[in-house]
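So the structure is just underneath, and the comments pick up after that.
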Amino acid sequence: METLTLRNLSIKELGAFITDLGESKFRIKQVSEWLWKKGVHEFSEMRNLPKSLIKKLEERSFIDKAIVTEELISKDGSRKYAFTSMDGKLVEGVLIPSRKRVTACISVQAGCNVKCKFCATGQLGLQRNLSKGEIFDQIYQLNQKSQDIFGSKLSNIVVMGMGEPFLNYSNVINALDMVSCDEGLGFSPQRITISTVGIIEGIDLLANHPRKYNLAISLHTAVESIRKQLIPIAVKNDLADLRKSLENYHEKTGSRITLEYILFDKLNDDEKHMKALAQFCKAFPSKINLIEYNSVPELPFVASSEDDTSKFQKFLEDKNMLVYLRKSKGSDIFAACGQLANKKM
């Protein structure tokens, strides 16, 4: 008899499963609420179900989950959590508080096979994709942590942790759909951002998805030769094709696209790169996040100087472009952008 991963089922599939167990239809809503609204990990926690149904559920299915096994607290207030899966895989999620909001950064793969040269996660290689339930569970638990610690629910979710979301597209989107639907957490899609290195197939799928999540591109340079050095997968997703895909995305969604740009000293921070970025952005409305590089001990990259960073920002602003300089948080606990690699100080 097949054992089902219960959180991998859609609401409709869950209904068919409960009915197949010989249960009344009202049990479908009860089980669904325990899974998606109350985030339980064990069937025994479903307190309004009869023991006979709990026994059937335990015999025929299980709940996949990601258990918090460690917490690290940064001097800036950020908190990094280690989540351990049922098969022992370890991923990390981060809570990032600011004056008016709390953002959760979540992971979608154990490790990553994109292998960006500047990213600690990329050095791990890929162990496996996370399931829909494991991705959802991270968000559910970080939302609970936010309420317990900061006194408010999550205001934003960024899919910018370990892994490439569009190489695990189905599980990521299905998890986010449960986070944002009425049967789940009811979280606004406009407060959820998915970040990709530029997997064109995934961008095109997202453009046609009924829920309009925000899209961010880890660009880091608009000079083709340098980008292929930094992001090896860019060989299959060149800038010309990426630009066309982003134009199409904007036409279908009407959304402004965020471009993430880590500034590296003497690598992508000179006038040549400024002009290339400005030219790339002419095709669609964008917002540019200039990101301070967070050093990784084993890697040779160095952050741009304050002076070069200011020049880069001013050049873009003089072109009437929307630019923000993002100061990293959590670097002292290896929780900042590009540092997630299951390490601690």
**Item:** Over the chain, relative contact order from alpha-carbon pairs under 8 Å, at least 6 apart, %
**Value:** 14 percent
**Asked** Pairing the Cα long axis of helix 132-150 with the longest principal axis of the chain, what angle in degrees results, from 0 to 90 and rounded to the nearest 10?
**Response** 80 degrees
**Request:** Show the residues, 5+ positions off or on another chain, whose built amide H is closer than 5 Å to the amide H of residue 92.
**Result:** 83, 162
**Fill in**
For the range 90-167, the Cα gyration tensor yields equivalent-ellipsoid semi-axes (√(5λ), largest first, whole Å) of 25, 13, 9
**Request:** Measure nothing fancy, just the Cα-based angle from helix 169-180's long axis to the longest principal axis of the chain, in degrees from 0 to 90, nearest 10.
**Result:** 70 degrees
**Asked** Considering only the other residues whose Cβ falls under 15 Å of the Cβ of residue 159, what net charge follows from Lys and Arg at +1 and Asp and Glu at -1?
**Response** -2
**Prompt:** With a Cα-only, solvent-free Debye model of the range 1-156, what are the log10 I(q)/I(0) values at q = 0.10, 0.13, 0.16, 0.20 Å⁻¹?
**Reply:** -0.44, -0.70, -0.95, -1.22
**Charge sum, other residues only, whose C-beta stays under 13 Å from residue 286's C-beta, Lys/Arg counted +1 and Asp/Glu -1** = +3
**Message:** So, R0 is 41 Å and r is the distance between the beta-carbons of residue 272 and residue 205; what FRET efficiency does that work out to, to 0.05?
**Reply:** 0.80
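Can you tell me the FRET efficiency between residue 117 and residue 317 if r is taken as the Cβ-Cβ distance and R0 is 41 Å, rounded to the nearest 0.05?
Efficiency computed from Cβ-Cβ geometry: 0.90.
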**Request:** Can you check what the net charge comes to around residue 3, using other residues whose Cβ is under 9 Å from the Cβ of residue 3 (Lys, Arg +1; Asp, Glu -1)?
**Result:** -1
**Message:** Given the -39500 (n - 2.57) contribution per DSSP H run of 4+ residues, what per-residue ellipticity at 222 nm results for the chain, rounded to the nearest 500 deg cm²/dmol?
**Reply:** -10000 deg cm²/dmol
**Request:** Write down, largest first, the equivalent ellipsoid semi-axes of the range 61-124 in whole Å, where each equals the square root of 5 times an eigenvalue of the alpha-carbon gyration tensor.
**Result:** 22, 19, 11
**Asked** Rounded to the nearest 0.05, what FRET efficiency do residue 325 and residue 48 have when you use their Cβ-Cβ distance and R0 = 45 Å?
**Response** 0.35
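Assuming a viscosity of 1.567 mPa s and a temperature of 4 °C, what translational diffusion coefficient in µm² per second does Stokes-Einstein assign to the range 204-330, Rh being the Kirkwood radius over Cα pairs?
Details: Rh = 15.3 Å.
In µm²/s, the coefficient rounds to 85.
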**Message:** Sort 20-29, 286-295 by the packing proxy (mean of other Cβ within 10 Å over each peptide's residues), most packed first.
**Reply:** 286-295, 20-29
**Accessible area per residue, Å², the chain with all protein chains present, probe 1.4 Å** = 45 Å²
**Asked** Within straight cross-link reach of residue 75, meaning Cα distance under 19 Å, which lysines are found once same-chain residues fewer than 8 apart are removed?
**Response** 100, 145, 327, 329, 343, 344
**Request:** Please give the helix 51-60 orientation as an angle from the longest Cα principal axis of the chain, in degrees from 0 to 90, rounded to the nearest 10.
**Result:** 50 degrees
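The values are calculated or read from the model by the stated rules, or taken from the named source; none is laboratory data. Small disclaimer: the values here were computed from a predicted structure and weren't measured. Neighbour counts run over all protein chains shown; Cβ positions are idealised from the backbone, glycine included. With ligands, DNA and RNA removed, areas are computed over all heavy atoms of the protein, side chains included. Shrake-Rupley method; radii C 1.70, N 1.55, O 1.52, S 1.80 Å.
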